[in-house]
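Have a look at the structure below before the remarks.
The values are calculated or read from the model by the stated rules, or taken from the named source; none is laboratory data. Predicted, not measured: the structure shown is a model, and the values here were computed from it. Glycine also receives a Cβ, built like all others from the backbone with ideal geometry; neighbour counts cover every protein chain displayed. Accessible surface areas use protein heavy atoms only, side chains included; no ligands, DNA or RNA. Shrake-Rupley method; radii C 1.70, N 1.55, O 1.52, S 1.80 Å.
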Amino acid sequence: MQEEDINASGGLPTTRFISRQEVVTVNVRRPRGTNDILPEDARKWQLVEAKIRDICHRFGYQEIRTPIFEHTELFERGIGEATDIVEKEMYTFTDRGDRSITLRPEGTACVVRAFIENKLYAQSLPSKLYYVGPMFRYEKPQAGRYRQFSQFGVEAIGSMDPFLDVEMIILPIELYKACGLSDFQVHINSLGCPECRPKYREVLQQHLGEKFDQFCENCQSRISRNPLRVLDCKNPKCQALVAEIPLITNYLCTECSDHFQTVIKYLDLLEIDYELNPKLVRGFDYYTKTVFEITVSSLGAQNAIGGGGRYDGLVEEIGGKPMPAVGYAVGVDRLLLALEQQQIDIFPEQHADVYVAHFGGDTKTAAVDLVVKLRASGLWVETDYMDRSLKAQMKSADKFKSRWVVIVGEEELKTGTVKVRRMDTGTEADVALDQIVEYLSVKKEG
Ligand code: HAM
């Protein structure tokens, strides 16, 4: 007997176990908003990750790996209780020890927690750290927006230098360019600091309050709790209502204004194209001063391939000494999506070095020995595991785009040789079995 159930994740019927004897089939699908990265794509991820590591090395950022889950309080304090992420998007659960735990929705708060807990402030500052890994947000899934996604983030903690703000823009640009992407836009703004922002907040609140009834329900609640977030609403009606609002840039204190001017001066010096966007607010409460986002228009609604900013109050908020900091995170899934959409192919074709073909029996035994030795010498070696005919093995070698095929035949074994065929020219040579590793290794280097 089977009992049908509607799988909440995909609306697909699944079969439940009812008793040990009765049912064994279960049709389990991956949870909504998650992706399987299959080998062909995993290769692309590896290449992008290799570029990330190379760039971080050149910019002097060192890798940090923090847990995938943290105490919920970290994000409530760090990101801000009146943000969409904390209010609606966190994967939070109570563990068996009755603690409230959350799968990390972002990496900045985690890195700052680790920075404080491991006393990295006692080492030379700024601490320049990077991470790559999965983040979790309960968002409405669509192209480019997932519930599990990967971020590459960089954080520089302990310095107010505006050059670091600029570094957080040029570092990801270097990555985007290394991936072949050229069509992206940098948006930049300053959100002020606890000195000047409250004044702007007040002016904004008053201005938005005048048209309170015309805003969407979400924005109505934001007006009193977090009015800057109204500027980020995607509802066209709300966007029209904020078309002519007072702008934060006119309310910055001297320190914030000077800082922002220096950032702009460096960007101009380095000939980085950017757009000043005084309505750019970002979705976290920890930001102070400079904020930025990089977008790709071809991605449609989810067009941000990264974003970041300065967060000079976060270290203290999480329990450390007051210390300035700035960071940026790239959405790796979206970066790969943009490359795919724009048909940018930076991924080299894969070629096996050698395919070892055999005819079973003694030739198989000799092939096993050869395969292991060739792999130990550093070559990518494929062989037949399915008792295929020679013709089928040659097809298989073609599929792997193998440079050479080594044929281990009965006759050749008697004379202690094997046949080596170069696949691009079709030329063949008889090579002594005990010389084959050296022969192919030299050929590869040559
Ligand atoms: P964020 O803007 O929330 O910033 O995320 C950075 C990037 O992650 C986004 O621009 C986007 O490319 C990608 N991303 C975000 N949510 C999703 C999703 N649901 N699916 C796919 N990709 C997504 C932060 O997380 C900050 N911690 C950045 C930062 C670092 N600020 C300072 N330091």
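Between the helical axis of 390-399 and the longest alpha-carbon principal axis of the chain there is an angle of about 20 degrees.
Each residue of segment 157-166 was assigned a 3J(HN,Hα) from its phi angle through the Karplus expression (A = 6.51, B = -1.76, C = 1.60, θ = phi - 60°), giving 10, x, 9, 9, 4, x, 4, 5, 4, 5 Hz with x at Gly and Pro. Over the chain, dividing the summed -39,500 (n - 2.57) contributions of all DSSP H runs of at least 4 residues by the number of residues returns a 222 nm mean residue ellipticity of -10500 deg cm²/dmol.
Select from 152, 219, 329 the residue farthest towards the positive end of the dipole of the chain; place +1 on Cβ of Lys and Arg, -1 on Cβ of Asp and Glu, and compute about the Cα centre. Looking along the dipole axis, the top candidate is 219.
The Cα atoms of segment 17-100 give a gyration tensor whose axes a ≥ b ≥ c have a/c of 1.5 or more with a/b no greater than b/c, which makes the shape oblate. Amide H to amide H, with H built 1.01 Å from N, residue 355 comes under 5 Å of 382, 404, 405, 406, counting only residues 5 or more places away or on other chains. Classify segment 354-445 from the C-alpha gyration tensor, please: rounded if a/c falls under 1.5, else prolate or oblate depending on whether a/b exceeds b/c. Because its axes are fairly even, with a/c under 1.5, segment 354-445 counts as rounded. Residue 262 exposes around 40 Å² of accessible area when a 1.4 Å probe is run over every protein chain in place. 3J(HN,Hα) along segment 229-240, derived from phi through the Karplus expression 6.51 cos²θ - 1.76 cosθ + 1.60 where θ = phi - 60°, amounts to 5, 4, 5, 9, 5, 8, 5, x, 5, 5, 4, 5 Hz, with x in place of Gly and Pro.
Taking segment 40-126, which trypsin sites (Lys or Arg not before Pro) meet the DSSP loop condition and have no more than 15 other C-beta atoms within 10 Å? Answer by residue number: 65, 96, 99, 119. Over all other residues within a Cβ to Cβ distance under 15 Å of residue 321, the charged ones net out to -2, with Lys and Arg as +1 and Asp and Glu as -1. The distance from the alpha carbon centre of segment 177-218 to that of segment 67-132 is 24 Å, rounded to a whole number. Among the listed pairs 44/401; 128/177; 128/199; 44/364; 237/289, those whose Cα-Cα separation exceeds 25 Å are 128/199; 44/364; 237/289. Within the listed set 112, 28, 48, the Gaussian network model of the chain (springs between alpha-carbon atoms below 10 Å) gives the highest mean-square fluctuation for 28. The 1.4 Å probe gives accessible areas that order 259, 351, largest first, as 351, 259. Close amide H contacts of residue 151 (hydrogens built in the peptide plane, cut-off under 5 Å, sequence separation of 5 or more or a different chain): 133, 135, 332. Karplus-based coupling profile of segment 265-277, in residue order and whole Hz: 4, 5, 5, 5, 4, 8, 6, 8, 6, 8, 10, 6, 10, with θ = phi - 60° in 6.51 cos²θ - 1.76 cosθ + 1.60 and x standing for Gly or Pro.
Between helix 197-209 and the chain there is an angle of about 80 degrees, using the helix long axis and the longest principal axis of the Cα atoms.
Find, among the trypsin sites (Lys or Arg not before Pro) in segment 176-277, those assigned to loop by DSSP (not H, G, I, E, B) with at most 16 other beta-carbon atoms within 10 angstrom.
211, 234
Annotation: amide H-H contacts under 5 Å for residue 305 (H modelled 1.01 Å from N, sequence separation of 5 or more, or interchain): 294, 295, 296. Among the GluC sites (Glu not before Pro) in segment 192-233, those located in a DSSP loop and surrounded by at most 13 other Cβ atoms within 10 Å of their own Cβ are 195, 210.
What net charge is computed for the residues neighbouring residue 165, neighbours being all others with C-beta under 15 Å from the C-beta of residue 165, Lys and Arg scored +1, Asp and Glu -1? Computed value for this residue: -3.
Using every pair of separate Cα atoms, the Kirkwood estimate puts the hydrodynamic radius of the chain at 26.0 angstrom. All alpha carbon pair distances within segment 232-301 were sorted into 5 Å bins beginning at 0; the resulting P(r) in whole percents reads 3, 11, 19, 24, 20, 13, 7, 1.
Helix 39-59 and the longest principal axis of the Cα set of the chain meet at an angle near 60°.
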